[in-house]
Amino acid sequence: MARYIGPKTKIARKFGEAIFGVDKYLEKKNYPPGQHGQMRKRKKVSEYGVQLSEKQKAKSTYGVLEKQFARTYHEAARMGGITGANLLILLECRLDNVVYRLGLSPTRAGARQLVSHRHITVNGEVVNIPSYSVRVGDVIGVREKSKSMEVIANSLSGVKRGRYPWLEWNQATMSGRFLQKPEREDIPENIKEQLIVELYSK
């Protein structure tokens, strides 16, 4: 599957915020990328442009491609309730995102790689599909052979626990339990999901 492997700061500068985490380069260059980024005149963006930008930001944040994102949106619309909130909750339930939230990797891209390289288990079984939807009660752990990996140990050493009330971490077994689906107000991402709903409703 195609993935963007270019500079992450370039994408962050496009949206004007550190969507991939702390970014020292974004602080130095807090203007759009490109040859004329610093000199670019601020012109009024159309309603469609604002909505499209928000969708692209959500896709970039969670590392999801267009077709998969659209499929997730339509699933959220079928669930009933608030479609925008459902969309973010479904994205949060992706296995690669849960691995990232548990602190097994400092980035979602790194978490996706851990999953696809068969280092992650769900309820004791190896799962190598990053888009796998984690269910309430599932236990996400590190494969026995992979527990000594330096990249995982380094990532876990810098994690602050208790940030995500829908997850529970057990250091002794190097596994986490998915306690419940997150509430919208608990999801820290700065995404205006209503704009995405308006875009798809056109």
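The values are calculated or read from the model by the stated rules, or taken from the named source; none is laboratory data. The shown structure was predicted, so the numbers you read here are calculated from the model rather than taken from an experiment. Note that each Cβ is placed from the backbone with ideal geometry, even for glycine, and that neighbours are counted across all protein chains shown.
Does Y62 satisfy the condition of being surrounded by 20 or more Cβ atoms within 10 Å (Cβ to Cβ) and either closer than 16 Å to F178 by Cα or hydroxyl-bearing (S, T, Y) (or both)?
Taking the combined requirement at face value, the residue satisfies it.
Does K24 qualify as being modelled with pLDDT under 90, surrounded by fewer than 13 Cβ atoms within 10 Å (Cβ to Cβ) and not aromatic (F, W, Y)?
Yes, satisfied.
Taking interchain pairs and intrachain pairs at least six residues apart, which have beta carbon atoms under 7 angstrom, with the first residue in the range 87-109 and more than 19 Å from P165 (Cβ to Cβ) and in contact (Cβ under 8 Å) with a residue 12 or more places away in the chain and the second assigned to a helix (DSSP H, G or I) and basic (K, R)?
D96/R108; D96/R112
Yes/no per residue for (1) loosely packed, with under 13 Cβ neighbours inside 10 Å; (2) within 17 Å of the chain's Cα centre (by Cα):
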residue: P130; (1), (2): no, yes
residue: E144; (1), (2): yes, no
residue: K147; (1), (2): no, no
residue: V151; (1), (2): no, no
residue: S157; (1), (2): yes, no
residue: G162; (1), (2): yes, no
residue: Q171; (1), (2): yes, no
residue: M174; (1), (2): no, no
residue: E183; (1), (2): yes, yes
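Out of all the residues in the range 139-147, is one or more modelled with pLDDT under 95, outside any helix (DSSP H, G or I) and small (G, A, S)?
no
For every residue, the table says whether it meets (1) of a type in the set (S, T, Y); (2) touching a helix residue (DSSP H, G or I) at 6+ places or on another chain (Cβ under 9 Å); (3) at pLDDT 90 or above; (4) closer than 15 Å to S131 by Cα.
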position	(1), (2), (3), (4)
T9	yes, yes, no, no
I19	no, yes, no, no
K41	no, no, no, no
R71	no, no, yes, yes
T83	yes, yes, yes, no
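For the range 47-74: of the residues being part of a helix (DSSP H, G or I) and hydrophobic (A, V, I, L, M, F, W, C), which is farthest from A109 (Cα to Cα)?
My answer is V50.
Out of the range 175-202, which residues are assigned to a helix (DSSP H, G or I), within 28 Å of V142 (Cα to Cα) and out of contact with any Pro (no Cβ under 9 Å at 6 or more places or on another chain)?
R184
Counting just the residues of the range 85-110 that are under 23 Å from E54 (Cβ atoms) and small (G, A, S), which one comes out surrounded by the most Cβ atoms within 10 Å (Cβ to Cβ)?
Result: A85.
From the list A153, A172, which residue is in a loop (DSSP other than H, G, I, E, B), of a type outside the set (S, T, Y), without any contact (Cβ under 8 Å) to a residue 40 or more places away in the chain and out of contact with any His (no Cβ under 8 Å at 6 or more places or on another chain)?
A172
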